[in-house]
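The values are calculated or read from the model by the stated rules, or taken from the named source; none is laboratory data. Being a predicted model, the structure only gives us computed values, none of them experimental. Cβ: placed from backbone, ideal geometry, glycine included. Neighbour counts: every protein chain shown.
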Protein chains: 2
Amino acid sequence: MDQVNLKKMAEHLGLSISTVSRALRDSYEIGTKTKLKVKALAEEWNYMPNPYASSLRKQRTGNIALVVPEVANNFFAQAINGIEAIAQEKGYHVLIYLTHDDLEKEMEIARHLMSGRVDGIIMSLSGEANNTHHIKSLKEKGLPVILFDRVSETLGCSTVTTDDYAAGFKATEHLIKAGCKQISYLFISKHLYTAQKRMQGYKDALAKHGLPLNEKLILHCSTDNEKNQEPILKMLNSKNRPDGIFASVERLAIATYHACNTLKLKIPEKVKVVSFSNLEIASLLNPGLSTLAQPAFDMGKQAATLLFRQLEKKSGSNIAEKIVLKSELIQRESTGR
Amino acid sequence: MDQVNLKKMAEHLGLSISTVSRALRDSYEIGTKTKLKVKALAEEWNYMPNPYASSLRKQRTGNIALVVPEVANNFFAQAINGIEAIAQEKGYHVLIYLTHDDLEKEMEIARHLMSGRVDGIIMSLSGEANNTHHIKSLKEKGLPVILFDRVSETLGCSTVTTDDYAAGFKATEHLIKAGCKQISYLFISKHLYTAQKRMQGYKDALAKHGLPLNEKLILHCSTDNEKNQEPILKMLNSKNRPDGIFASVERLAIATYHACNTLKLKIPEKVKVVSFSNLEIASLLNPGLSTLAQPAFDMGKQAATLLFRQLEKKSGSNIAEKIVLKSELIQRESTGR
């Protein structure tokens with residue numbers, strides 16, 4: 001028999017070459033039945049993989065980079081665990097880089113990653129990410145970049161997010177149903193697609209329920225949480241103070257709790273609070289915090305899976321995949337459960 | 001002039017060769033004045049570094065490994081930030097490896113690190129670390145290993161810890177002064193020097209105040225926090241239940257809060273609680289948790305500084321340095337402030 005190759009196996013089995021290749025690499029995209037069929041033929045025909053592909057494989061660094069704003073945050077900590085779980089299965093190691101929500105630092109890290117220290121990159125953009133040239137450069141260099149949670153829509157990267165619009169709508173509607181008439185939205189970046197989606201959900205929920213949109217209640221906060229006490233205190237001290245607060249990130253809910261303690265404003269009696277948060281001890285807070293919990297561990301796993309799918313392809317993928325997972329609203333005392 | 005080398009420069013300046021070498025490498029061990037003098041001469045004499053030394057320098061990976069049990073914990077998250085701050089100054093990158101408190105995983109990571117992927121290692125041992133052969137192997141391979149917080153005394157590694165004995169004593173005495181007569185100590189590993197020290201402080205504080213030691217109140221908990229509800233509930237439900245609990249790690253305080261909620265046992269009225277914890281929102285819990293806060297960020301910085309001091313020496317150091325920082329007792333409502 002002539003030399004066995006993927007093409008001949010594909011023809012024999014009536015499958016595409018890419019299906020055969022992925023079946024041999026045990027890709028999860030391929031069903032078990034197909035995999036068994038392909039592997040049986042490979043054994044029967046004594047198929048040997050192309051040495052060129054092997055040598056390519058040896059050029060890998062065995063590292064992937066994870067670039068995140070912080071780790072002192074349950075969302076990122078859980079996502080890291082998910083990414084690490086997949087990387088370990090693949091025999092890869094995860095280099096974690098922290099941007100501290102600083103665009104300059106993010107750009108410096110990107111420059112560093114250009115040097116070929118890693119095979120691919122998973123990122124959650126810093127809150128100040130109004131410039132994405134550095135990410136474009138990484139992609140042009142041929143490094144696969146997967147974005148999760150804090151994503152940009154203009155980069156053509158595969159992304160893993162939660163249903164930010166629907167969750168923003170749901171959180172706002174939850175406050176409205178709890179009796180709130182003046183609902184404030186707190187966020188840290190207008191550049192992030194994620195934050196924009198959450199805000200759109202907030203606005204549309206107000207509109208649906210006939211509540212006016214008051215721009216003064218949309219508070220653009222700082223990535224440095226210490227700077228957020230003053231504007232939140234000021235808003236809560238004003239004549240038209242909100243009776244409901246929707247925090248788009250966990251640290252803004254924490255800042256709100258501190259501000260309410262300072263002003264002796266009772267939650268939920270005077271102000272109701274709901275927040276995106278994966279805080280494991282949300283129920284132990286005083287009062288228990290109603291949260292939109294993201295499936296952080298699964299998001300990490302999905303992001304890593306997308307990255308390895310690109311790494312296992314012979315050439316980089318030009319198809320941007322979008323995976324959207326659901327957040328869960330968990331009602332606790334802070335919204336007057 | 002003959003070829004310029006370090007020896008000639010050292011003779012000319014009346015300095016040791018190692019001082020000249022370190023001055024040229026900008027080591028922090030050398031004063032600014034000496035550095036300027038050495039660099040001026042190097043420029044004047046047009047000194048070119050020895051190619052062998054350069055090639056050695058190129059052999060560095062530029063990575064250090066950080067091996068920790070978890071990141072979803074404020075202590076480790078803050079320590080990582082401290083380590084990263086120093087690594088960044090040195091132009092190094094930090095590869096983070098998670099053991100999930102699993103000794104098998106820790107050993108697997110150690111095997112992986114043997115392959116020369118990093119220049120040095122900073123570790124906090126897993127709670128099950130009753131075997132440290134893998135760490136000895138790393139050291140024998142010539143890789144500097146610095147231990148922090150969860151350390152072993154038998155390895156001859158440099159360590160960064162807090163004053164665990166004094167803090168254990170202080171926490172227990174704080175409960176005694178708050179009126180507790182039956183104080184329980186919760187811990188997760190008897191193998192860790194850290195936990196042993198904390199427990200000794202607990203025992204000695206009881207003895208000093210004439211309180212009997214009740215072994216039933218010393219609870220050996222699991223590294224898997226889900227398994228801790230049952231034994232803590234059982235102890236809190238027993239006839240001789242404790243009126244004070246000293247948790248040696250944060251997650252055990254969280255488990256205690258959940259157990260007290262389940263049993264509707266009021267904190268601090270029925271049970272007072274104090275815990276080692278760097279939880280940033282300890283004051284927002286219901287009730288606010290009294291904590292022994294460790295200077296985690298500084299511990300991370302110190303550990304990284306020790307590591308780079310070893311890396312900058314030509315040969316690995318055989319001197320084990322011990323740095324001990326102070327924990328701070330912060331009294332809140334859980335001990336009846």
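Side notes on the structure shown:
- Only one entry in A:Ile146, A:Ile176, A:Ile135 is in a helix (DSSP H, G or I) and more than 30 Å from A:Glu215 (Cα to Cα), namely A:Ile135.
- Test for A:Glu173: is it under 13 Å from A:Lys322 (Cα atoms), touching a residue at least 24 places away in the same chain (Cβ under 8 Å) and either out of contact with any strand residue (DSSP E or B) (no Cβ under 7 Å at 6 or more places or on another chain) or surrounded by fewer than 24 Cβ atoms within 10 Å (Cβ to Cβ) (or both): no
- Residue in the range B:246-255 that is basic (Lys, Arg), assigned by TED's automatic domain parsing to the domain that holds B:Ile146 and closer than 30 Å to B:Asn63 by Cβ present: no
- Test: residue in the range A:5-12 that is in contact with a Leu (Cβ under 9 Å, 6 or more places away or on another chain) and modelled with pLDDT of 85 or more: yes
- Some residue of the range B:208-222 being part of a helix (DSSP H, G or I), in contact (Cβ under 8 Å) with a residue 12 or more places away in the chain, more than 30 Å from B:Ala110 (Cα to Cα) and of a type in the set (S, T, N, Q): no
- The requirement of being under 27 Å from B:Glu280 (Cβ atoms), assigned by TED's automatic domain parsing to the domain that holds A:Asp119 and not hydroxyl-bearing (Ser, Thr, Tyr) is fulfilled somewhere in the range A:303-319, by at least one residue.
- Among all residues of the range A:241-253, there is at least one that is within 22 Å of A:Lys326 (Cβ to Cβ), part of a loop (DSSP other than H, G, I, E, B) and in contact with a strand residue (DSSP E or B) (Cβ under 8 Å, 6 or more places away or on another chain).
- Condition met for B:Ala296 (within 12 Å of another protein chain (Cβ to nearest Cβ), surrounded by 23 or more Cβ atoms within 10 Å (Cβ to Cβ) and in contact (Cβ under 8 Å) with a residue 12 or more places away in the chain): yes
- Selected residue (criterion: farthest from B:Ile330 (Cα to Cα)) from residues of the range B:257-275 that are part of a helix (DSSP H, G or I) and within 14 Å of chain A (Cβ to nearest Cβ): B:Thr262
- In the range B:124-157, residue modelled with the highest pLDDT [restricted to those that are surrounded by fewer than 22 Cβ atoms within 10 Å (Cβ to Cβ) and of a type in the set (S, T, N, Q)]: B:Ser137
- Some residue of the range B:105-125 being more than 24 Å from A:Asn81 (Cβ to Cβ), hydrophobic (A, V, I, L, M, F, W, C), part of a helix (DSSP H, G or I) and more than 12 Å from chain A (Cβ to nearest Cβ): no
- Filtering B:Ala259, B:Ala282, B:Ala247 for residues that are free of Cβ contacts under 8 Å to residues at least 60 places away in the same chain and within 23 Å of B:Leu206 (Cβ to Cβ) leaves a single hit, B:Ala259.
- Scanning the range B:22-58 for residues that are modelled with pLDDT of 65 or more and outside any helix (DSSP H, G or I) yields B:Arg25, B:Asp26, B:Ser27, B:Tyr28, B:Glu29, B:Ile30, B:Gly31, B:Trp45, B:Asn46, B:Tyr47, B:Met48.
Let's see how each residue does on (1) under 22 Å from B:Ser277 (Cα atoms); (2) of a type outside the set (D, E, K, R); (3) under 20 Å from the mean Cα position of the chain (by Cα):
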site	(1), (2), (3)
B:His133	no, yes, yes
B:Lys139	no, no, yes
B:Phe169	yes, yes, yes
B:Ala178	yes, yes, no
B:Ile183	yes, yes, no
B:Gly201	yes, yes, yes
B:Asn214	no, yes, no
B:Pro231	yes, yes, no
B:Lys234	no, no, no
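Table: residues versus (1) closer than 30 Å to B:His258 by Cβ; (2) more than 12 Å from every other protein chain (Cβ to nearest Cβ); (3) basic (Lys, Arg); (4) buried (at least 21 other Cβ atoms within 10 Å of the Cβ).
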site: A:Lys197; (1), (2), (3), (4): no, yes, yes, yes
site: A:Asp204; (1), (2), (3), (4): no, yes, no, no
site: A:Met235; (1), (2), (3), (4): no, yes, no, no
site: A:Ser238; (1), (2), (3), (4): no, yes, no, no
site: A:Ala255; (1), (2), (3), (4): yes, no, no, yes
site: A:Ser277; (1), (2), (3), (4): yes, no, no, yes
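- Residue list for the range B:59-94, restricted to those being more than 11 Å from chain A (Cβ to nearest Cβ) and at pLDDT 80 or above: B:Val67, B:Pro69, B:Gly82, B:Ile86, B:Glu89, B:Lys90
- Residue count for the range B:1-47, restricted to those that are hydrophobic (A, V, I, L, M, F, W, C) and surrounded by fewer than 12 Cβ atoms within 10 Å (Cβ to Cβ): 3.
- Top-ranked residue of the range A:70-89 - restricted to ones that are part of a loop (DSSP other than H, G, I, E, B) and free of Cβ contacts under 8 Å to residues at least 60 places away in the same chain, ranked as nearest to A:Leu125 (Cα to Cα): A:Glu70
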